[in-house]
Amino acid sequence: MLRRMDFFDVPVILEIENRCFKNPWSAFAFWELMSNEDCYCIVMANKKIIGYGMACLEEEKIHILNIAVEKEERRKGIGTRILQDMLEYGASNKKRRAFLEVRRRNCAAISFYERHHFNKIGVKRRYYSDDDAIIMERLMG
Ligand SMILES: CC(C)(COP(=O)(O)OP(=O)(O)OC[C@H]1O[C@@H](n2cnc3c(N)ncnc32)[C@H](O)[C@@H]1OP(=O)(O)O)[C@@H](O)C(=O)NCCC(=O)NCCS
């Protein structure tokens, strides 16, 4: 079941975040986004949370900020459902494009976004302390 992220979800989300990323976000980062009315934060949960996504509305675009799925739950379509829900949120708010930054070395995520019709449109050098970011974008609809 997909639902809105809650402040009480943050401890479990942080555990997943720490397992998924070398430079995980802090609890404060999650709280801040959840408090921002332009941001859309969701979790996929059955009995427990197995994935989550965060996105923000920015001018004519929706910015996909983060998607993560527990390792043992990957390749089951969960990332796709989270991403599609965020894209629908953008479309329902009349956004015409979606964009994101992804680590150049994160081949799995780049394949995932390409599968969802995102194209590479640029590079931000040293965007991360140890890697460049690839900027990817897709049109809505
Ligand atoms: C990227 C991520 C969210 C994808 O989640 P997921 O639930 O496994 O994705 P899905 O099952 O919906 O995958 C859909 C398609 O994306 C592509 N894909 C997903 N993972 C892939 C991988 N490891 N290698 C190649 N392609 C991949 C495939 O085309 C896949 O379809 P298929 O399984 O039929 O081949 C997940 O791998 C993850 O949490 N990674 C760690 C966190 C991360 O890097 N997030 C992105 C930050 S920008």
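Of L83, L57, all but one fail to be within 26 Å of D6 (Cβ to Cβ) and either within 11 Å of the ligand (Cβ to nearest atom) or out of contact with any helix residue (DSSP H, G or I) (no Cβ under 9 Å at 6 or more places or on another chain) (or both); the exception is L83.
For H63, the conditions (1) away from the ligand (no atom under 12 Å from the Cβ); (2) out of contact with any helix residue (DSSP H, G or I) (no Cβ under 7 Å at 6 or more places or on another chain) all hold with the exception of (1).
Contact map, the stretch 54-76: first residue under 20 Å from Y40 (Cα atoms), second residue among the basic types (K, R) and assigned to a strand (DSSP E or B), Cβ cut-off under 6 Å, separation 6 or more or different chains; pairs are K61/R97. Here W31 clears all of (1) away from the ligand (no atom under 14 Å from the Cβ); (2) surrounded by 15 or more Cβ atoms within 10 Å (Cβ to Cβ); (3) of a type in the set (A, V, I, L, M, F, W, C) except the condition numbered (2).
For the stretch 106-135, a residue qualifies if it is over 21 Å from P24 (Cα atoms), surrounded by 12 or more Cβ atoms within 10 Å (Cβ to Cβ) and near the ligand (Cβ under 10 Å from one of its atoms), and the qualifying residues are E114, H116. I82 fulfils the conditions (1) at pLDDT 95 or above; (2) hydrophobic (A, V, I, L, M, F, W, C); (3) over 15 Å from the mean Cα position of the chain (by Cα) except for a single criterion, (3). For the stretch 92-105, the criterion of being modelled with pLDDT of 95 or more, within 7 Å of the ligand (Cβ to nearest atom), more than 16 Å from D38 (Cα to Cα) and among the β-branched types (V, I, T) is satisfied by at least one residue.
If the condition is being surrounded by 23 or more Cβ atoms within 10 Å (Cβ to Cβ) and closer than 16 Å to W25 by Cβ, then the stretch 53-67 contributes G53, M54, A55, I64, I67. Taking the condition surrounded by fewer than 19 Cβ atoms within 10 Å (Cβ to Cβ), under 26 Å from I134 (Cα atoms) and within 15 Å of the chain's Cα centre (by Cα), does L2 pass? The answer is no for L2. Considering (1) touching a Gly at 6+ places or on another chain (Cβ under 8 Å); (2) on the phi > 0 side of the Ramachandran plot, the lone condition that G141 does not fulfil carries the number (1). Taken together, the criteria exclude K76 from residues that are more than 24 Å from Y128 (Cβ to Cβ) and more than 13 Å from the ligand (Cβ to nearest atom). All of (1) out of contact with any Pro (no Cβ under 7 Å at 6 or more places or on another chain); (2) surrounded by 17 or more Cβ atoms within 10 Å (Cβ to Cβ) hold for E37 with one exception: (2).
The values are calculated or read from the model by the stated rules, or taken from the named source; none is laboratory data. Everything quoted here is computed from the prediction, not taken from an experiment. Methodologically, a virtual Cβ is constructed for each residue, glycine included, from the backbone with ideal geometry; neighbour enumeration extends over all protein chains shown.
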